[in-house]
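A.B. asks: Structure incoming, see below.
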Amino acid sequence: MRPMDFSVTDLTSSPPRVVFPRAYNAAIDLLDRNVAEGRGDKIAVVDDRERISYRDLARRTNRAGNALRMLGVAPEERVLVFMLDTIDFIATFLGAMKIGAVPVPVNTLLTADDYAYMLEDSRARVAVVSDALLPKIEAAIAKCGGTVTLVVASTPLGGDPKTHRMLEDEMKNASDDLEAAATTPDDVAFWLYSSGSTGAPKGAVHLHAHLMRTAAYYAQGVLGIHESDRVYSAAKLFFAYGLGNALTFPFSVGATSLLTAERVTPAVVARMMRAHDPSIFCGVPTLFASLLASDSFAASKSLRVSTSAGEALPKHVGDAWHAKTGSHILDGIGSTELLHIFLSNRPGDVRYGTSGKPVPGYQLKIVDDSGELVADGEEGSLWVAGNTAATMYWNQRERSLATFHGPWTRTGDRYVRDAEGYYTYSGRADDMLKVGGIWVSPFEVESALASHEAVLECAVVGHADENGLVKPKAFVVLKDHARASDSLVIELKAFVKEKLAPYKYPRWIEMVTELPKTATGKIQRFRLRG
Ligand code: 3UK
């Protein structure tokens, strides 16, 4: 039995359905199907260096799959994908899946300690790494003493590949014909790491069937993506949000994905808009706010809709974007666990300040502490059921049991539904912060700060900036309060930036002589918020 057939999406049934053949490989469904259906010459992806058709991308993916096989990657083994947004990222990701292996894309902004953990936890056989990121992975390998095989992919951003194997060479020597592994819709396809408030990152395990289902439910059902769309996702491919936006969704209908390896800035977004005229733009709230604040910004001529996720989109940002561009931003909430957006605004039904209504294909409930449904207008914990939920966190039984309960997944978010059925976000149940759409654990920032010689103790909480978007704020008690000064504040910020992913540093530091504590000595964070 070889996976040759494609899935069939039925959006007219309620809820929408995707039917899978038993022999199924998502890489074939996302790529080869476009060639089989006559879209072989259509441009699948444009990156900083080239534009590639579906036919050529299918071939390059086969080469990447064969190269990984030749490097000794067996079905079910993990391949760490530590890459910037390029055509090679996509060929590596889908090539690994096509041979039945399990690609694990990772956030490119983390520290060597994080990558050392992910290499050990995943037992990755091969790591494919963009040249510009090589020093970080070398530092990680030195820490964990792993035996992973490194393969370096060149990017326009450069970086010295040293004497490592090059992906380009490995692919040159590989056949562009590849027989897919005999997988099923329920086989493990890829993992995505997500961070919790304490403890190590959790590898959320996703299946082959999950990709097309997210495309059917959200991208086709809500966004109405079609073949003639050009999608630019400022959210990168390593993020579940970006992976859906820039790979799954456009490939599910034979549309075009626009990529850049460059770090997202308003200037880069402006250039992408000018150069490629996307019809769909995907960002996070902080980016929409900074685009609106930059004088030179103009949306692309063809822009018909934008999406926002990662954290709640402030109402005034949505209103200002609509006034400026004439098109709407659809705010929707998704998660690494559910893979993509399960609650969203939709075209023709946008209510800024809310997350909209459930995406058809998902069931939602808001419950109190005893698990009873709360009345409309009352706040409770949001749970979601849908067949795109991760099967577990890899090697984390306790944390899996706390999150995945049969068909239901606990989101950890607090929500209120109004009488008309719109859902409004009202905060996290834990201490986790979303900064620029990416998780930050206050505990991690605290331990970084506490490792500075001047610091006695500290507490980190979320604090809203001028746009109503949350950033870390630190309250610091110094060993010697007389040392409190502006220059020490600057030094502490730089110190944290050096130790952690830069987006995690505290934007404000307040020097205090003591922290509010309970009788038992526990810091009372709620007294520091606000
Ligand atoms: C928060 C939101 C309010 C919320 C994601 C789209 O963000 C994604 O995944 P993560 O695992 O984080 C999930 C958590 O982020 N959140 C996300 N979107 C919103 N809060 N309004 C929103 N619109 O706490 C959620 O539990 O990093 C987003 C698609 C795929 C994703 N993985």
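A.B. asks: Looking at (1) within 30 Å of ARG527 (Cβ to Cβ); (2) of a type in the set (A, V, I, L, M); (3) over 20 Å from the mean Cα position of the chain (by Cα), find the lone condition where VAL440 falls short.
C.D. replies: (3)
A.B. asks: Separate question: If you go through the range 409-432 one residue at a time, do you hit one that is more than 15 Å from the ligand (Cβ to nearest atom), open to solvent by 30 Å² or more (accessible area, probe 1.4 Å) and within 18 Å of ILE341 (Cβ to Cβ)? Please lay out each step first, then the result.
C.D. replies: Residues of the range 409-432 more than 15 Å from the ligand (Cβ to nearest atom): 418-421.
Those still in the list that are open to solvent by 30 Å² or more (accessible area, probe 1.4 Å) too: 418-420.
The next check asks that each one be within 18 Å of ILE341 (Cβ to Cβ); those that pass are none.
Within the range 409-432, none of the residues are more than 15 Å from the ligand (Cβ to nearest atom), open to solvent by 30 Å² or more (accessible area, probe 1.4 Å) and within 18 Å of ILE341 (Cβ to Cβ).
A.B. asks: Mind telling me which of the residues MET118, MET171 ends up being within 16 Å of the ligand (Cβ to nearest atom) and either at pLDDT below 95 or not acidic (Asp, Glu) (or both)? Let's see the steps before the verdict.
C.D. replies: Working: MET171 fails: within 16 Å of the ligand (Cβ to nearest atom).
Testing whether each residue is within 16 Å of the ligand (Cβ to nearest atom) and either at pLDDT below 95 or not acidic (Asp, Glu) (or both) leaves just MET118.
A.B. asks: Next question. Name the residues in the range 77-114 that are out of contact with any Leu (no Cβ under 8 Å at 6 or more places or on another chain) and either among the hydroxyl-bearing types (Ser, Thr, Tyr) or in a helix (DSSP H, G or I) (or both), would you?
C.D. replies: MET97, ALA112, ASP113, ASP114 - these are the residues of the range 77-114 that are out of contact with any Leu (no Cβ under 8 Å at 6 or more places or on another chain) and either among the hydroxyl-bearing types (Ser, Thr, Tyr) or in a helix (DSSP H, G or I) (or both).
A.B. asks: Let me ask another. Do the conditions hold for VAL367, that is, is it of a type in the set (Val, Ile, Thr), under 30 Å from ASP465 (Cα atoms) and more than 10 Å from the ligand (Cβ to nearest atom)? Give the derivation first.
C.D. replies: Numbers: of a type in the set (Val, Ile, Thr): yes; under 30 Å from ASP465 (Cα atoms): no; more than 10 Å from the ligand (Cβ to nearest atom): yes.
No.
A.B. asks: Take THR354 and decide whether it is assigned to a strand (DSSP E or B) and open to solvent by less than 30 Å² (accessible area, probe 1.4 Å). Give the steps one after another, and end with the answer.
C.D. replies: Values: assigned to a strand (DSSP E or B): no; open to solvent by less than 30 Å² (accessible area, probe 1.4 Å): yes.
The answer is no for THR354.
A.B. asks: For the range 330-353, give me the residue count where each residue is more than 10 Å from the ligand (Cβ to nearest atom) and closer than 28 Å to GLY196 by Cα. Walk me through how you get there before you give the answer.
C.D. replies: Going residue by residue through the range 330-353, those that are more than 10 Å from the ligand (Cβ to nearest atom) are 346-353.
This time we only want the ones that are closer than 28 Å to GLY196 by Cα, so: 353.
Matching residues across the range 330-353 total 1.
A.B. asks: Do any strands (runs of 3 or more DSSP E) lying entirely in the range 264-342 carry at least 1 residues that are assigned by TED's automatic domain parsing to the domain that holds ILE438 and not small (Gly, Ala, Ser), and which ones are they? Show your work before the answer.
C.D. replies: Details: elements: 280-283, 305-308, 328-334.
Strands (runs of 3 or more DSSP E) meeting the threshold: none at all.
A.B. asks: Does any residue of the range 463-470 turn out to be exposed (fewer than 14 other Cβ atoms within 10 Å of the Cβ) and among the polar types (S, T, N, Q)?
C.D. replies: Within the range 463-470 (the criterion being exposed (fewer than 14 other Cβ atoms within 10 Å of the Cβ) and among the polar types (S, T, N, Q)), the answer is no, since none of the residues qualifies.
A.B. asks: Any chance the range 420-430 includes a residue that's in contact (Cβ under 8 Å) with a residue 24 or more places away in the chain and under 23 Å from MET212 (Cβ atoms)? Even if it seems obvious, please write down each step before you answer.
C.D. replies: Start the filter on the range 420-430 by keeping residues that are in contact (Cβ under 8 Å) with a residue 24 or more places away in the chain, which leaves 421-426, 429-430.
Checking the rest, the ones that are also under 23 Å from MET212 (Cβ atoms) come to none.
The answer is no; no qualifying residue exists.
A.B. asks: How many of the residues in the range 361-372 are in a loop (DSSP other than H, G, I, E, B) and either surrounded by 18 or more Cβ atoms within 10 Å (Cβ to Cβ) or charged (D, E, K, R) (or both)? Give the steps one after another, and end with the answer.
C.D. replies: Restricting attention to the range 361-372, the residues satisfying the condition of being in a loop (DSSP other than H, G, I, E, B) are 361-362, 368-372.
From what's left, either surrounded by 18 or more Cβ atoms within 10 Å (Cβ to Cβ) or charged (D, E, K, R) (or both): 361-362, 368-369, 372.
Residues in the range 361-372 being in a loop (DSSP other than H, G, I, E, B) and either surrounded by 18 or more Cβ atoms within 10 Å (Cβ to Cβ) or charged (D, E, K, R) (or both): 5 in total.
A.B. asks: Just wondering, is there one or more residues in the range 66-81 that are touching a helix residue (DSSP H, G or I) at 6+ places or on another chain (Cβ under 7 Å) and free of Cβ contacts under 8 Å to residues at least 24 places away in the same chain?
C.D. replies: no
A.B. asks: Quick test for you: out of PRO506, PRO472, pick the one residue that is within 23 Å of the chain's Cα centre (by Cα), of a type outside the set (S, T, N, Q) and part of a loop (DSSP other than H, G, I, E, B).
C.D. replies: PRO506
A.B. asks: Determine if the range 249-261 includes at least one residue that is surrounded by fewer than 23 Cβ atoms within 10 Å (Cβ to Cβ), assigned to a helix (DSSP H, G or I) and β-branched (Val, Ile, Thr).
C.D. replies: yes
A.B. asks: Just checking, how many residues over the range 217-244 are part of a helix (DSSP H, G or I) and surrounded by fewer than 24 Cβ atoms within 10 Å (Cβ to Cβ)?
C.D. replies: Going residue by residue through the range 217-244, those that are part of a helix (DSSP H, G or I) are 217-220, 240-244.
Still in the running and surrounded by fewer than 24 Cβ atoms within 10 Å (Cβ to Cβ): 220, 242.
So the answer is 2.
A.B. asks: I'd like the full set of residues that are open to solvent by 30 Å² or more (accessible area, probe 1.4 Å) and under 25 Å from GLY221 (Cβ atoms), limited to the range 374-403.
C.D. replies: ASP376, TRP383, ASN387, THR391
A.B. asks: Still on this structure, I have one more. When you scan the range 278-300, how many residues do you find that are open to solvent by 40 Å² or more (accessible area, probe 1.4 Å) and either in contact with a Phe, Trp or Tyr (Cβ under 8 Å, 6 or more places away or on another chain) or closer than 21 Å to PRO250 by Cβ (or both)?
C.D. replies: Of all residues in the range 278-300, those open to solvent by 40 Å² or more (accessible area, probe 1.4 Å) come to 290, 292-293, 295-296, 298.
Then keep just the ones that are either in contact with a Phe, Trp or Tyr (Cβ under 8 Å, 6 or more places away or on another chain) or closer than 21 Å to PRO250 by Cβ (or both); that gives 292.
Here the count works out to 1.
A.B. asks: Let me ask something else about it. Exactly one of (1) open to solvent by 50 Å² or more (accessible area, probe 1.4 Å); (2) over 30 Å from GLY353 (Cβ atoms); (3) modelled with pLDDT under 95; (4) in contact with a strand residue (DSSP E or B) (Cβ under 9 Å, 6 or more places away or on another chain) is unmet by LYS493. Its number?
C.D. replies: In the conditions (1) open to solvent by 50 Å² or more (accessible area, probe 1.4 Å); (2) over 30 Å from GLY353 (Cβ atoms); (3) modelled with pLDDT under 95; (4) in contact with a strand residue (DSSP E or B) (Cβ under 9 Å, 6 or more places away or on another chain), LYS493 misses (3) alone.
The values are calculated or read from the model by the stated rules, or taken from the named source; none is laboratory data. Please read all numbers here as calculations on a predicted model, not as lab measurements. Please note: Cβ atoms are built from the backbone with ideal geometry, for glycine as well, and neighbour counts cover all protein chains shown. What goes into the accessible areas is simple: the full protein's heavy atoms, side chains included, and nothing from ligands, DNA or RNA. Shrake-Rupley method; radii C 1.70, N 1.55, O 1.52, S 1.80 Å.
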